[in-house]
1. Quick one: net charge around Val19, please, counting Lys, Arg +1 and Asp, Glu -1 for every other residue with C-beta under 13 Å from its C-beta.
2. Accessible surface of Lys56 in the full protein assembly, 1.4 angstrom probe, to the nearest 10 Å²?
3. For the chain, what does the relative contact order come out to in percent, with C-alpha contacts under 8 Å and a separation of six or more?
4. Please work out the FRET efficiency for the pair Asp155 and Thr2, using the Cβ-Cβ distance as r and a Förster radius of 22 Å; give the result to the nearest 0.05.
5. What is the calculated FRET efficiency for Glu55 to Ser104, with r their C-beta to C-beta distance and R₀ = 25 Å, to the nearest 0.05?
6. Taking only Cα atoms, what is the 0 to 90° angle, nearest 10, from helix 125-142's long axis to the longest principal axis of the chain?
7. What's the local net charge at Leu120, with K and R +1, D and E -1, over the other residues with C-beta under 11 Å away?
8. With 15 Å as the cut-off, how large is the P(r) tail for segment 67-135, expressed as percent of Cα-Cα pairs?
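The values are calculated or read from the model by the stated rules, or taken from the named source; none is laboratory data. Since the structure is predicted, the reported quantities are computational estimates derived from the model, not experimental observations. Note: ideal-geometry Cβ built from the backbone for every residue, glycine included; neighbour counts use all protein chains shown. The area values use the complete protein model at the heavy-atom level, side chains included, leaving out ligands, DNA and RNA. Shrake-Rupley method; radii C 1.70, N 1.55, O 1.52, S 1.80 Å.
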Amino acid sequence: MTPRRIVLIGFMGSGKTTVGRIVAERLGWEFVDTDACVEERAGTPISRIFREQGEKAFRDAEALVLEECGTRARLVVATGGGAPAQARNRGFFSTGAIFHLKTSLATARERTRGDTARPLLQQEEDAVRVLYDGRQAFYDELGIPVDTDGRTPLDVADEILGLFRNPSP
Ligand code: S3P
């Protein structure tokens, strides 16, 4: 049966939110950005949650949002870059059509230049690289790869819709 949910995963700056909105609009499905949901519920930005309550508090809130998304259909979900690396989110990532928006670290850096909203990008360059490298195995394991380097969000969304409508056997 065709999955009733599309889930986008990938590193920060891979375009999950922008692409997800387009895919949802084309399908006439709802769109959820889990980061935005966490912020809305907490009534405070993610950067502040990290700063004042620590990463664990953010991961708890993120896991709750994902769990709820897992009960809904006709939904496109843009997940936070760290969600697939959390063992507790395994259940959520075991259903739906999951696409990995593949992005080189250089491109991710370029797209997030000057960004202050993502606490994990405020670290030293080496630490960001370690994070990036460590995440790839999770993304590769869970998602159908879709390249994003040098491509527009529309182009990436088109590829996802094509793969979703005509999945390879
Ligand atoms: C994070 C990615 C962010 C956000 C938080 C932590 C991560 O989401 O969830 O800052 O651990 O990679 P985006 O990937 O949407 O930027």
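1. Numbers: positive: Lys16, Arg21, Arg26, Lys102, Arg111, Arg151; negative: Glu25, Asp33, Asp147, Asp155, Asp158, Glu159.
Cβ neighbours under 13 Å give a net charge of 0.
2. My reading of the accessible area for Lys56 is about 140 Å².
3. Numbers: 233 pairs, mean separation 60.3, N = 169.
Relative contact order for the chain comes out at 36 percent.
4. On the way: r = 23 Å, r/R0 = 1.04.
Given R0 = 22 Å and the Cβ-Cβ separation, E is 0.45.
5. Details: r = 25 Å, r/R0 = 1.00.
About 0.50, to the nearest 0.05.
6. Once rounded, one gets 30 degrees.
7. 0
8. Details: 1439 of 2346 pairs.
When all Cα pairs of segment 67-135 are counted, 61 percent exceed 15 Å.
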